[in-house]
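Contents: one structure, followed by commentary.
Nothing in this text is a laboratory measurement; each read-out follows from the coordinates by a stated rule. The model shown is predicted, which means the values in this text are computed figures rather than measured ones. Please note: Cβ atoms are built from the backbone with ideal geometry, for glycine as well, and neighbour counts cover all protein chains shown.
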Amino acid sequence: MVVVSLACALGIGLAGCGARPADVGPSADLIFVGSNIVTMDPNQPTVDAVAVRGETITAAGALDDVMAFRDPSTRVVDLGDGALLPGFIDAHGHFLGAGRALDALSLHSPPVGDVTNIDDLVRKIQAWIVEKEIPPGQAVSGGGYDDSLLAEGRHPTAEDLDRASTDHPIVLTHVSGHLSAVNSAALAASDITADTADPDGGYIRRVEGSRRPNGVLEETASRLVRVDRGAPRTSDETDALIRESIDVYTAYGTTTIQDGGTSRQFAEVLHAAADSEPFKADIAAFVRVGSMEDIDALQYEETYRGGVRVAGVKFVLDGSPQGRTAWVTEPYAEGPPGAAPDYRAYGTMDPDLYKARAAALIERGVPFLAHANGDAAMDVMLDGVDEALAGMEVAPDHRSVIIHAQLMRADQLDRAAALNVVPSFFSAHAFFWGDWHRRSFGEERGN
């Protein structure tokens, strides 16, 4: 008898379960039932069942109430021990990287990968060249190496990477995305020499006692690399990669995806792909801008079209704590190799340019994100918002965002709250780099 009653409640196709009352509204296409359904609504934090029609949740509540929306065509899913939650919103991300990582040379250390030292890294590069049959002269790209987790405790240099190949330019991206390690062939192909000046917002590390580049490039210096990466993806391949990337996000429950720091050109590619076939998740693109003209030309979109919108602008004001390029007001306890005792790193964008652009965006009502890890960079970010609002009679609901905010001071928290600035803390970094942060910044800042 218990089994029959449960079968009727779950809508299993048994005779005698009864018809749906006519006055409850349209029937549901899908009903979820379970004991771990979380709504995120403080007035009703959990429910027994959820009914869905099309793409709309039509009912959520007690089992009997929701099952009133069942008819013979309704599919019922018993969640068992599983949980059902609203889709997650990505607070910080670089969308296409999720798809690229599916077929890329991964050089991560445990617990993500298996690279524990530079010899491991060299062997993996050599094996990748053979496996992918990469011809001499074509670049080899890889990512995820982490000097803080390598036995040597340092970045691989050009000399190290030359052991993997001197016939291929090798370009590796640090796990932070803020540094690169390249071999001699890549330096030569890019014409990065002892005479190459450090770019604004970047630094070319040199062989000790000389001007000769050692293969490690910080921040904007990575943009100096010019190598043959093979034929670009076709439009069909790009479309497939976009949809594969979305699948990675949705597999983890993320239904609103952030593409932070994308180009206007790629935002147009996303729109074209979504116009052809709508996406099954939403992508909020925050584009880079290089000039005030770019801001004037920006097509900000408040609503999604096929699952895409240009949601605002992203600035990058400094670097990475794990890469030891986060811009701070007090010196590092332990800086990068060869750093002076008063090393504080540096900004990656001219503060006055940032402030002018931030003011223009707030005036237009366009949201922006500002990557800022160090407290010096956060001072600049907050100054920009403060100065923009100072000339306004009524402060708009701008909600500008500090991306990462890892070394935020207590006074900056108070100031951010007063300015309606939202810190988006990169809490995952405490798991991977907590010990490294202690070494870099000391116990008080790094703990």
query = Give me the Kirkwood hydrodynamic radius of the stretch 43-148 in Å, from all C-alpha pairs, to one decimal place?
reply = 18.9 Å
task = Determine the gain in length on full extension of the stretch residue 243-residue 438; use 0.36 nm per residue of separation and subtract their C-alpha separation, reporting nm with one decimal.
result = 66.3 nm
request  = State the Cα centre-to-centre distance between the stretch 173-200 and the stretch 214-267 in whole Å.
outcome  = 20 Å
inquiry  = Apply the Karplus curve 6.51 cos²θ - 1.76 cosθ + 1.60, θ = phi - 60°, to the phi angles in the stretch 284-297 and return the couplings in whole Hz, x for Gly and Pro.
reply    = 9, 9, 10, 8, 7, 10, x, 7, 5, 5, 4, 5, 4, 8
ask   = Extent of the stretch 235-446 along each principal axis, from alpha carbon coordinates, in Å, largest to smallest?
value = 56, 44, 28
request  = Could you sort 214-224, 172-182 so that the peptide with the highest average Cβ count within 10 Å comes first and the rest follow in order?
outcome  = 172-182, 214-224
remark   = Over all directions, the stretch 105-224 yields a Cα convex hull whose mean projected area in nm² is 7.0 nm²
key: Rounded Å value of the spacing that divides the Cα centres of the stretch 95-120 and the stretch 276-311   = 29 Å
message = Loop-only trypsin sites (Lys or Arg not before Pro) in the stretch 263-311, please: DSSP not H, G, I, E or B, and at most 16 other Cβ atoms within 10 Å.
response = 280, 288, 305
request  = Taking a cut-off of 22 Å between Cα atoms, list the lysines near residue 124, but don't count ones fewer than 8 places away on the same chain.
outcome  = 132
query = Which far-off residues, 5 or more places away or on another chain, put their amide H under 5 Å from the one on residue 168, with H placed in the peptide plane?
reply = 137
message = I'd like the orientation of helix 235-251 relative to the chain: the angle between its Cα long axis and the longest Cα principal axis, in ° from 0 to 90, rounded to 10.
response = 70 degrees
request  = Grab the beta carbon distance between residue 200 and residue 394, set R0 = 51 Å, and tell me the FRET efficiency rounded to 0.05.
outcome  = 0.90
message = Over all directions, how big on average is the projection of the convex hull of the alpha-carbon atoms in the chain, in square nanometres?
response = 27.4 nm²
ask   = Where a Cα-Cα gap under 29 Å defines reach, which lysines qualify for residue 355, not counting those fewer than 8 residues away within the same chain?
value = 314
query = Once you wrap a convex hull around the alpha carbon atoms of the stretch 286-411, what is its projected area averaged over all directions, in nm²?
reply = 9.3 nm²
